[in-house]
Amino acid sequence: MRPEIKDLNFIQTLNDRLIRKDPVLDLSYDRMGDAGIVFLSRNKDLSHVQKLDLSWNEITDEGLAVLAGMGSLAELKHLVLNANQIGDEGARSLALSKNLPNLETLELVNNKISDFGALSLVKSQSLLNLGFIDLEMNKVGQRKLTQFPDGAVVSKLRVLNLRRNLVGDESLADWAQAGAFEKLVHLNLGWNQITNQGARILAHSPTLTRLEILVLDSNHIGDPGALDIAGSKHLNNLVQLYMQDNNYGRAGETALRVMRSRILVEKKRIENTLNLNEQRLDNKDLASLAQYEKLDGVVSLSLRNNHFDYHGVQDLANSQFLKNLTSLNLMSNAVGDKGLLLLAESPNLSQLETLNLEYTGITSLGILALSQSPHLSRLKELNVSGNNLGEKGLRILADSVNFKNLIKLRASGIPMGDSGFQALVQSDTLSHLEELEAMGNTITRESLDSLANSAKLPQLKKLDLRRNKLKEADLIFLADFPKFNDLETLRF
């Protein structure tokens, strides 16, 4: 395609996009170059644009200086300039621009910006709403910083990504000395050249007290650096620390896990409740957590959707600090029957009243272990949904005196047929059951008739039978039968 035809196509496409007044203007991969930026600045009104993507456009510092001088970008909140040829001067032009007062996020991945340009953005006195700067794959750390930009860090800056640069210990010291990290809650320094000395600088920097997420993957940090970070007095707000692919051994790993356990408990604990859902905890994390003395006094512990199996459960079961636990949520972990057997054998968990085993891979063998436990006889709420219990598991559940105190039972998608359901509703043992959830099973009208004539129905307050094999006539029966109308909640 001849250059003039390409230019005409670009102009026509640009005009079509601008006519729509779309708040998002994506001009990535158009390879417009600096000339294209000049054309935009002279001929187009971008006052409606809130997000502008100029990635892969061969823009240099000169083009960025023109962009920074445009007077129609006052509403711009998100600027994407990835994979161009922008260096320190271009970054400085942005940092000094008075035309971007509402800019919140700035992406400059895969450019040529070094320390001075990066720090100019971090310390901009014009981009006062800037909260996110992405400088991955630039030249930060390539050469010694000889000039420090003046001023304080942008007050709203919270996230800084310096992944895949050339940041070493000396560069890290310069940044820390400049106070560049003091506002951050998320700092990514992965895939750089940081050693034990750099880790020590981070650990001893009082400017990192707000940090909640620190990424140090793929550096050169050994045990001394890991121990420094683990013992830091300034990183007490860290909730997530990533240090994969470094050089530390067992001593460093143990110290870091202990640190993480301590911080998680202190930050996530609210009075006597500890919620550690979706924290990517593995077996070693649970081993460390179980040894932390400040678990003592926790009454409710939730560990939903982590990455541990029965090995982690074993450490929990053996913990001397969980003797006050009355509620335990293990949902969506690979607990299995082995894990349930370990729970059942633990005298430390004898106070449990609520146990969530939803999607934990248990079968009738696990229920049998619970039913024979000399310690777990206080259960009032039990969730076994999403497991393959079969009729055998349900009959064990219906007959064991260990479940005599159950008030709430959730047994959805297990799958339960008529015989299993009838075992529950005809059980003499489950004499306190008030709430029964049995969604997503294979219950038919036969079960409804059985329940209608059961002594269990008057004691039930809530019943959920959605997504079963009930026909329209069965639903009418549920709606019209007087005994079912006495339920507080009936869902079908």
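Side notes on the structure shown:
- Matching residues, the stretch 270-287, being part of a loop (DSSP other than H, G, I, E, B) and polar (S, T, N, Q): Asn272, Asn277, Gln279
- Residue count for the stretch 230-279 satisfying the condition of being farther than 18 Å from Leu216 by Cβ, hydrophobic (A, V, I, L, M, F, W, C) and surrounded by fewer than 19 Cβ atoms within 10 Å (Cβ to Cβ): 2.
- When Asn388 is tested against (1) within 25 Å of Gly417 (Cβ to Cβ); (2) in a helix (DSSP H, G or I); (3) under 29 Å from the mean Cα position of the chain (by Cα); (4) not aromatic (Phe, Trp, Tyr), just one condition goes unmet, and that condition is (2).
- Residues of the stretch 447-469 that are surrounded by fewer than 21 Cβ atoms within 10 Å (Cβ to Cβ) and either farther than 16 Å from Phe484 by Cβ or at pLDDT 95 or above (or both): Lys461, Lys462, Asp464, Arg466, Arg467, Lys469.
- Check on Ala203, among the hydrophobic types (A, V, I, L, M, F, W, C), surrounded by fewer than 21 Cβ atoms within 10 Å (Cβ to Cβ), farther than 15 Å from Asp134 by Cα and modelled with pLDDT of 95 or more: yes
- Test: Ala479 is within 30 Å of Ala369 (Cβ to Cβ), without any contact (Cβ under 8 Å) to a residue 24 or more places away in the chain, over 36 Å from the mean Cα position of the chain (by Cα) and exposed (fewer than 15 other Cβ atoms within 10 Å of the Cβ): no
- Here the condition is being of a type in the set (Lys, Arg) and part of a helix (DSSP H, G or I); of Arg395, Arg378, it holds for Arg395 alone.
- Count - residues of the stretch 110-139 that are surrounded by fewer than 24 Cβ atoms within 10 Å (Cβ to Cβ), part of a loop (DSSP other than H, G, I, E, B) and touching a Ser or Thr at 6+ places or on another chain (Cβ under 8 Å): 4
- Inspection of the stretch 423-437 finds a residue satisfying the criterion of being under 36 Å from the mean Cα position of the chain (by Cα), among the hydrophobic types (A, V, I, L, M, F, W, C) and either assigned to a helix (DSSP H, G or I) or buried (at least 21 other Cβ atoms within 10 Å of the Cβ) (or both).
- In the set Val384, Val401, only one residue is at pLDDT 95 or above and surrounded by fewer than 19 Cβ atoms within 10 Å (Cβ to Cβ); that residue is Val401.
- Just one of (1) among the small types (Gly, Ala, Ser); (2) over 18 Å from the mean Cα position of the chain (by Cα); (3) at pLDDT 95 or above; (4) part of a loop (DSSP other than H, G, I, E, B) fails for Gly252. It is (4).
- If you go through the stretch 333-349 and keep only what is buried (at least 19 other Cβ atoms within 10 Å of the Cβ) and in a loop (DSSP other than H, G, I, E, B), you end up with Asn333, Val335, Ser346.
- Residues in the stretch 282-310 that are surrounded by fewer than 21 Cβ atoms within 10 Å (Cβ to Cβ) and among the polar types (S, T, N, Q) were compared, and the one that is nearest to the chain's Cα centre (by Cα) is Asn305.
For (1) modelled with pLDDT under 95; (2) out of contact with any His (no Cβ under 8 Å at 6 or more places or on another chain), each residue gets a yes or a no:
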residue	(1), (2)
Val122	no, yes
Leu127	no, yes
Met137	no, yes
Asp150	yes, yes
Ser155	no, yes
Arg158	no, no
Leu162	no, yes
Asn165	no, yes
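- Only residues that are under 30 Å from the mean Cα position of the chain (by Cα), surrounded by fewer than 21 Cβ atoms within 10 Å (Cβ to Cβ) and closer than 11 Å to Gly393 by Cβ were counted across the stretch 350-371, and they come to 1.
- Matching residues in the stretch 438-492 - criterion: being part of a helix (DSSP H, G or I), of a type in the set (Asp, Glu), more than 16 Å from Gln426 (Cα to Cα) and out of contact with any helix residue (DSSP H, G or I) (no Cβ under 7 Å at 6 or more places or on another chain): Glu472, Asp480
- For first residues located in the stretch 131-150 and small (Gly, Ala, Ser), partners that are buried (at least 20 other Cβ atoms within 10 Å of the Cβ) and not in a loop (DSSP other than H, G, I, E, B) and lie 6+ apart or on another chain with Cβ distances below 6 Å form the pairs Gly141/Ser171.
- Flag if Val313 is surrounded by 21 or more Cβ atoms within 10 Å (Cβ to Cβ), touching a strand residue (DSSP E or B) at 6+ places or on another chain (Cβ under 9 Å) and either modelled with pLDDT of 95 or more or over 22 Å from Gln291 (Cβ atoms) (or both): no
- Screening Leu274 against (1) more than 17 Å from Thr360 (Cβ to Cβ); (2) out of contact with any helix residue (DSSP H, G or I) (no Cβ under 8 Å at 6 or more places or on another chain) leaves a single unmet condition, (2).
The values are calculated or read from the model by the stated rules, or taken from the named source; none is laboratory data. In this text the structure is predicted, and so the values were computed from the model without any measurement. For neighbour counting, all protein chains shown are included, and Cβ atoms are generated from backbone atoms with ideal geometry for every residue, glycine included.
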